[in-house]
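J.: A single structure is presented below for examination.
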Amino acid sequence: MAASITDTQGILAIAAGAVALVALVACAALSASVRRLRRAQRLVLGEHRKQDVVAHAAAMQEAFSDLYAYVQDMATRLDGRLGRAELTLRGRLGHRALVRYDAYNELSGQQSMSIALLDDERSGIVLTCIHHRDQARVYGKQVHGGRAELELSPEEAEAVRLALADGSPPSGAHPEGHWQAGGGPAADEQGA
């Protein structure tokens, strides 16, 4: 019994062949897709790794979490060290100024001087050296919070003012921040 293409068996055979052909094309397309996916996976995982992409992503997330914890720990430690360094630097002599002048209105080349050495809390010392032809006298005065323990001469007060202004000379002052001549021996008379 021969079947023809037009009877039921022939039509079913043609339909089955068409479905088989569509399935074959779909398998070829899926195979090409899997090859592209494996190629891309080899780029991410490397050539000889026996790990899938999900496990690799989980390992990457764990490594990122560990790195984040390490960075946070280091930042906390650095903040502590920076805080200690800032406290240490508060006691340094960060503000200083030198004022030169002729104490006795002589033309001796401004050999007398007052120097202020202050920290960030405006505390420190003012040293004054009064130079005369035969002798030189040195005086020291403590400063706390910008106020001296003893009265300052005009030259010493100028040195403190310049130190607290970061050593920049006032407008109209003698060049290089030196006190103008005529300061007089006021510091000599005050004592230490």
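The values are calculated or read from the model by the stated rules, or taken from the named source; none is laboratory data. Everything numeric here is computed off the predicted structure, so don't read it as measured data. All Cβ positions, even for glycine, are placed from backbone atoms using ideal geometry, and neighbour counts span all protein chains on display.
J.: Restrict the check to the range 119-134 and report whether at least one residue is of a type in the set (Gly, Ala, Ser), in the same structural domain as ALA159 (by TED's automatic domain parsing), in contact (Cβ under 8 Å) with a residue 60 or more places away in the chain and under 16 Å from ALA157 (Cα atoms).
T.: The initial filter retains those residues of the range 119-134 that are of a type in the set (Gly, Ala, Ser), namely 123-124.
Restricting the remaining residues to those that are in the same structural domain as ALA159 (by TED's automatic domain parsing) gives 123-124.
Next, from what is left, pick out any that are in contact (Cβ under 8 Å) with a residue 60 or more places away in the chain: none.
Within the range 119-134, none of the residues are of a type in the set (Gly, Ala, Ser), in the same structural domain as ALA159 (by TED's automatic domain parsing), in contact (Cβ under 8 Å) with a residue 60 or more places away in the chain and under 16 Å from ALA157 (Cα atoms).
J.: Can you confirm whether the range 83-90 contains a residue that is without any contact (Cβ under 8 Å) to a residue 12 or more places away in the chain and basic (Lys, Arg)?
T.: Filtering the range 83-90 down to residues without any contact (Cβ under 8 Å) to a residue 12 or more places away in the chain leaves 83-88.
Next cut, basic (Lys, Arg) only: 84.
Within the range 83-90, one or more residues are without any contact (Cβ under 8 Å) to a residue 12 or more places away in the chain and basic (Lys, Arg).
J.: Among the listed residues ALA136, ALA181, identify the single one that is among the hydrophobic types (A, V, I, L, M, F, W, C), over 30 Å from LEU87 (Cβ atoms), surrounded by fewer than 18 Cβ atoms within 10 Å (Cβ to Cβ) and at pLDDT 80 or above. Can you show your working first?
T.: Working: ALA181 fails: at pLDDT 80 or above.
Residue meeting the stated conditions: ALA136.
J.: Would the range 82-90 turn up any residue that is surrounded by 10 or more Cβ atoms within 10 Å (Cβ to Cβ), closer than 18 Å to SER153 by Cβ and among the basic types (Lys, Arg)?
T.: No: zero hits.
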